[in-house]
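Each remark here refers to the structure printed beneath this line.
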Amino acid sequence: PEATLQSELASFLMDHVFIQLGDLGSGDSQEDHLQIERLHQRRRLLAGFCKLLLYGVLEMDAASDVFKHYNKFYNDYGDIIKETLTRARQIDRSHCSRILLLSLKQLYTELLQDHGPQGLNELPAFIEMRDLARRFALSFGPQQLQNRDLVVMLHKEGIKFSLSELPPAGSSDQPPNLAFLELLSEFSPRLIHQDKQLLLSYLEKCLQQVSQAPGR
């Protein structure tokens with residue numbers, strides 16, 4: 001489908017699936033029954049969207065519009081999202097890892113646009129993002145060697161994103177995406193020792209390139 005259609009489908013998910021409703025158990029059994037029916041309907045909509053992703057009807061990158069809600073809507077849709085993540089990883093391990101990173105980058109960028117970089121990592125929404133990053137990291141399982149290349153790639157891409165935008169020349173402000181490294185740190189326990197050293201050198205090299213950029 002065209003990008004506009006995929007965008008419309010993503011907007012549909014936000015408007016009709018990923019919505020916060022009142023808790024069940026209000027004492028009104030009829031209202032509770034209606035809420036349960038609506039939840040089943042939303043679950044069917046989400047499952048249908050995920051099938052379109054897995055069967056290649058939609059671009060797999062659109063899965064970020066699902067994965068970024070994994071934690072927040074875990075009780076309602078956790079099983080559907082987990083199964084989608086598992087099957088996406090079976091289709092293409094590398095691409096799936098990039099989509100997890102894309103989900104975090106999208107959430108971070110949205111928060112940055114709403115609040116600015118100052119004190120970003122102290123906001124409740126940022127703490128929720130850390131929890132999501134931790135859940136994503138756990139999805140790799142305990143097989144460090146099997147996932148070694150994926151976790152290293154994820155760190156490198158995340159480091160590049162954290163330094164992709166710079167403050168104005170002469171400013172003492174930090175790069176606006178720098179706090180993204182805190183989200184990235186949730187994946188660090190998945191690294192083996194040699195790769196931690198490699199990534200430290202990579203980070204130092206990137207920082208050196210930033211400091212030597214024209215106008216710095």
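Placing +1 on the Cβ of every Lys and Arg and -1 on the Cβ of every Asp and Glu, with nothing else charged, gives region 93-216 a dipole about its Cα centre of roughly 520 debye. Counting only Cβ charges, +1 for Lys and Arg and -1 for Asp and Glu, the dipole size of the chain around its Cα centre is about 960 debye.
Label sites at ASP32 and ALA3, each approximated as a point 7 angstrom past Cα along Cα to Cβ, lie 4.8 nm apart. When shorter helices are ignored and each DSSP H run of at least 4 residues is given -39500 (n - 2.57), the per-residue value for the chain at 222 nm works out to -21000 deg cm²/dmol.
Under 13 Å from the 7 Å Cα→Cβ point of SER94, by amide nitrogen: which residues of region 51-69? No residue qualifies, since no backbone N sits under 13 Å from the label point. Spin-label model, GLU157/TYR74: points 7 Å from Cα along the beta carbon direction are separated by 2.3 nm.
About its Cα centre, the dipole of region 1-91 is roughly 400 debye, where the only charges are +1 on Lys and Arg Cβ and -1 on Asp and Glu Cβ. Calculated on C-alpha atoms, the gyration radius of region 1-91 divided by its Kirkwood radius gives an Rg/Rh of 1.02.
Straight-line reach from LYS196: taking Cα to Cα under 14 Å and skipping same-chain neighbours fewer than 8 places apart, the aspartates and glutamates in range are ASP149, GLU186, GLU204. When Rg and Dmax of the Cα atoms in Å is calculated for this entry, the matching label among [x] 17.4, 55; [y] 19.5, 66; [z] 16.8, 51 is [y]. In straight-distance terms, cross-link reach from LYS68 covers every one of the lysines whose alpha-carbon lies under 16 Å from its own, apart from those fewer than eight places away in the same chain; here that gives LYS82, LYS105.
Only the coordinates and a few stated rules stand behind these numbers; no lab work does. As the structure is a computational prediction, the values presented were derived from the model and not from experiment. For neighbour counting, all protein chains shown are included, and Cβ atoms are generated from backbone atoms with ideal geometry for every residue, glycine included.
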